[in-house]
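Just so you know, all these numbers are worked out from the coordinates, no wet-lab data involved. Worth saying up front: this structure is predicted, and the values here are computed from it rather than measured. Reconstructed Cβ throughout: ideal geometry from the backbone, glycine too, with neighbour counts over all protein chains shown.
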Amino acid sequence: MPGTQEVTGTATPPAADRRLAGGFALLGLAAFAAAAWLDPYDAAGRPLSHGTHRQLGLPPCMLNLVTGLPCPACGMTTSIALLAHGDPAAAWRVNWAGTLVGLLGAATTLWLAARAAGLPAGKWTAETTVCRLVIVAAILATVRYATLVAAWFRIA
């Protein structure tokens, strides 16, 4: 896998890895700034259950439109926006996987910023770290979807 070369734990990361970490950290900060800009509440101040991504000009979830059932990502943007608004309990109720992805994303963004600033290298490059975050996010979304599907079969 690219980016898995071992680097010493005491040296400053290579310049290319520091630039990559800085770029990914800026991307993470932009994502959380967008989440903070979104309004994850309805007119009465209650947390939305999904659909917050529509405020970004994105289309509605086609699976949800066609079947009425949520897709694996339904509620993820809303849960991360709720986290950014300091409402972790509501975020968890909306989409526990999105809440975990948001928390992992925040921790990863901080680590990448520190890496870009010269944090000693360790064994993971910036690329490896981001790849692993994406894999964990995909696994969490899949597990959440499996629990939703199981619930649908119990109801039917």
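Just a few scattered comments:
- Remark: Phe32, Phe24 ranked as Phe32, Phe24, counting other beta-carbon atoms within 10 Å and listing the fewest first.
- The slack between Thr12 and Ala107, meaning 0.36 nm per residue of separation minus the straight C-alpha distance, is 32.2 nm.
- Under the membrane-span-like helix rule (DSSP H runs whose alpha carbons stretch at least 18 Å along the helix axis, mean Kyte-Doolittle hydropathy 1.0 or higher), the chain yields 15-37, 96-116, 126-155.
- Least to most buried among His50, His85 (fewest other Cβ within 10 Å first): His85, His50
- Helix-only mean residue ellipticity at 222 nm for the chain, each DSSP H run of n ≥ 4 adding -39500 (n - 2.57), per residue, nearest 500: -20500 deg cm²/dmol
- Taking Ile139, Ile80 and counting other C-beta atoms within 10 Å, the order from fewest to most: Ile139, Ile80
- Label point distance in nm, Arg93-Ala146, each placed 7 Å from Cα along Cα→Cβ: 2.7
- Within the shell defined by Cβ-Cβ distances under 15 Å, the residues around Arg18 carry a net charge of 0, with Lys and Arg each +1 and Asp and Glu each -1.
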